Amino acid sequence: MFIKRIKLKASSIFILLLFYCCTCYASDIDKDLKILEDYLNSINNMSFIFTQIDHSNQKEIGWMQIVKPNKLRIEYKGENDLIILANSYYLVLYKAHDDVITSLSNDGPWNIFTKTNIKITTDINNTEANTFVRNLKKININEKIYATYDILIKNIENKFNAHILLHASFNPFQINGWTLYDQEKEIVKIKIIETLGFNQKKINSNIFSLSEKNRSAGEVWHGPFEKLPIIRKPKHRY
């Protein structure tokens, strides 16, 4: 019983300390939405290293290159051979070792980073907006202000559907990561750990395509990770 009381007191102290360090701010929501909107619209291109944790708690390290409008490339460190590409129409999943391509409709919440002219609203009936913030939480941790924007993005059917949580910090404002959902079920968490480039003047446009020549030669990597070309087995005719 004594041990239980000690544990209960320790838990209570921890909760009080957490509450003290993470005091919620009553924000001027219009100002905070304008800051986010201006930041997203200021992005022409961006390159960064991130950590990714999925619903099974599996952790990966990846690299992402974004170029507006509608271009994206993702590669992963180590043995993960998945390459993800996006353009105006398709999201391409390429398994490099097997040389297998899967094409899907490019209609997901990641488009908040690749689309031009982001217009944010808190009114879900606003027909001019393409981004709906349904909730905003701000906290102060060690005199640093953080925010989580709970967002729905318009899909190809012009409905607010694709769900993303954007995690940001202020002074200066920046996106620190995001959480993606599938039908309100959390599926992956992304945390930006190093920004490699922001609004660079020149980006190699070839990184957003998969040429037959490069695929055949196994020379498919463009990211910052040290990955050797894939050795293809010769195709014999019988």
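None of the figures in this text is laboratory data; all of them are computed from the coordinates on show. Since the model is a prediction, treat every value here as computed from it, not as a measurement. Because the Cβ atoms are built from the backbone with ideal geometry, glycine has one as well, and the counts that use them run over all protein chains shown.
What shape does region 86-155 have by the C-alpha gyration tensor, where a ≥ b ≥ c are the square roots of the eigenvalues, rounded means a/c under 1.5, and otherwise prolate means a/b greater than b/c and oblate the rest? It comes out oblate by the Cα gyration axes. Mind scanning K34/K119; K119/K154; K71/K185 and naming the pairs with a C-alpha gap bigger than 18 Å? Over 18 Å Cα-Cα: K71/K185. Against the longest alpha carbon principal axis of the chain, how many degrees, from 0 to 90 and to the nearest 10, is the axis of helix 2-21 turned? Around 80 degrees separate the two axes. In region 46-193, taking the dipole from charged Cβ atoms about the Cα centre, the farthest positive-side position among N70, F160, N117 is held by N117. Over all pairs of different C-alpha atoms in the chain, the reciprocal of the mean inverse distance, the Kirkwood hydrodynamic radius, equals 20.2 Å.
Look at the alpha carbon pairs under 8 Å that are at least 6 residues apart: their mean separation over the length of the chain gives a relative contact order of 19 percent.
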